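Peer 1: Structure incoming, see below.
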Amino acid sequence: MNSQAPEPVAALAVEGLTAGYGGPPVIENVSIRARLGEITAIVGPNGAGKSTLLKAIAGLIRPTAGRVFVEGSEVTGQPAERLVRRGLAYVPQVANVFPDLTIRENLEMGGYSRKAGVRERIEQLFKLFPDLKGSAHRQANTLSGGQRTMLALARGLMVDPAVLILDEPSAGLAPRFQGAIWERIEEIRATNVAVLVIEQNTRETLRHAQWAYVLVLGQNRLEGPGHDLLNDDEVVDLYVGRLS
Ligand SMILES: Nc1ncnc2c1ncn2[C@@H]1O[C@H](COP(=O)(O)OP(=O)(O)O)[C@@H](O)[C@H]1O
Ligand SMILES: [Mg+2]
């Protein structure tokens with residue numbers, strides 16, 4: 001008899017995923033989990049396959065092996081637009097908002113798959129992103145890079161995802177925006193979303209991550225609580241750098 005309580009189902013479970021772009025696999029046999037209300041990070045050197053892993057999870061490229069589960073249901077190989085309806089939202093590295101639409105219209109488009117409550121959800125998100133509220137009528141192409149990133153995050157949240165996947169949300173922004181983006185990510189996490197994130201600043205990322213995976217050459221290298229990895233000599237020497 002096993003008297004242990006069963007493990008709660010992870011919001012996202014990835015098992016043995018292998019994927020690439022037609023040639024040799026870029027990621028191989030990668031397994032990760034992300035839980036509701038936690039920030040889960042993928043760190044590792046440039047070219048390790050972090051973005052490829054996220055794309056394979058989010059249905060932008062088709063894995064050649066392995067399985068992906070959202071809240072216990074298998075979704076492997078489903079296209080991105082189906083995955084959105086299963087509770088998985090993906091915000092790509094280049095914040096792709098519709099430049100000719102206003103902030104509000106962008107959010108309405110993000111909520112197209114909602115059956116109801118688009119207007120109410122937009123109001124909720126304006127509480128989380130007060131800067132967007134004041135500019136709701138502005139066209140996205142008039143926004144700063146930082147505002148555009150916030151819009152991309154908010155748009156991803158329009159579908160109430162269980163899992164929000166973020167590929168370098170601060171890419172291309174001045175370092176001073178990084179703090180503001182982490183604040184928003186923490187607020188999103190606190191609404192009981194499983195946030196899976198790649199960010200450039202490994203030290204800062206590990207500080208925020210309840211759990212982090214180090215990916216090297218397309219494979220799992222090690223994993224643990226972000227704070228533990230920050231105290232791991234190998235991780236610090238190879239991927240974080242010592243503070244001088
Ligand atoms: N669209 C693509 N077509 C072919 N190869 C790609 C493509 N995107 C990335 N790669 C290759 O996949 C490898 C991993 O890239 P990527 O997943 O972007 O790494 P990371 O996000 O960790 O920097 C690299 O060698 C890169 O050149
Ligand atoms: Mg990348």
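Peer 1: Any idea how many residues of the range 89-134 are out of contact with any helix residue (DSSP H, G or I) (no Cβ under 6 Å at 6 or more places or on another chain), exposed (fewer than 15 other Cβ atoms within 10 Å of the Cβ) and of a type in the set (Ser, Thr, Tyr)?
Peer 2: Going through the range 89-134 one residue at a time, the tally reaches 1.
Peer 1: Still on this structure: Suppose we keep only residues that are in contact with a strand residue (DSSP E or B) (Cβ under 6 Å, 6 or more places away or on another chain), within 16 Å of ligand 2 (Cβ to nearest atom) and among the β-branched types (Val, Ile, Thr) within the range 17-39. Which one would you say is farthest from Ile61 (Cα to Cα)?
Peer 2: Ile32
Peer 1: Then there is this: Take the residues in the range 143-171 that are in a loop (DSSP other than H, G, I, E, B) and closer than 18 Å to Gln200 by Cα, then tell me which one is modelled with the lowest pLDDT.
Peer 2: So the residue we want is Ala171.
Peer 1: Being within 16 Å of ligand 2 (Cβ to nearest atom), within 25 Å of Ile188 (Cβ to Cβ) and over 13 Å from the mean Cα position of the chain (by Cα) is the requirement here; does Val14 meet it?
Peer 2: No.
Peer 1: Let me ask something additional. Would it be correct to say that Ala56 is among the small types (Gly, Ala, Ser), buried (at least 20 other Cβ atoms within 10 Å of the Cβ), away from ligand 2 (no atom under 14 Å from the Cβ) and modelled with pLDDT of 95 or more?
Peer 2: no
Peer 1: Here is a further query. Take the residues in the range 78-95 that are over 12 Å from Leu153 (Cα atoms) and of a type in the set (Gly, Ala, Ser); name whichever of them is nearest to ligand 2 (Cβ to nearest atom).
Peer 2: Here the residue is Ala80.
Peer 1: If we scan the range 181-195, do we find a residue that is of a type in the set (D, E, K, R), away from ligand 1 (no atom under 16 Å from the Cβ), buried (at least 22 other Cβ atoms within 10 Å of the Cβ) and closer than 20 Å to Leu107 by Cβ?
Peer 2: no
Peer 1: When you check Thr142 against the structure, is it away from ligand 1 (no atom under 16 Å from the Cβ), β-branched (Val, Ile, Thr) and buried (at least 16 other Cβ atoms within 10 Å of the Cβ), yes or no?
Peer 2: So Thr142 fails the test.
The values are calculated or read from the model by the stated rules, or taken from the named source; none is laboratory data. On a predicted model such as this, the values are computed, not experimentally measured, just so you know. Cβ atoms come from the backbone with ideal geometry, glycine included; neighbour counts cover every protein chain shown.
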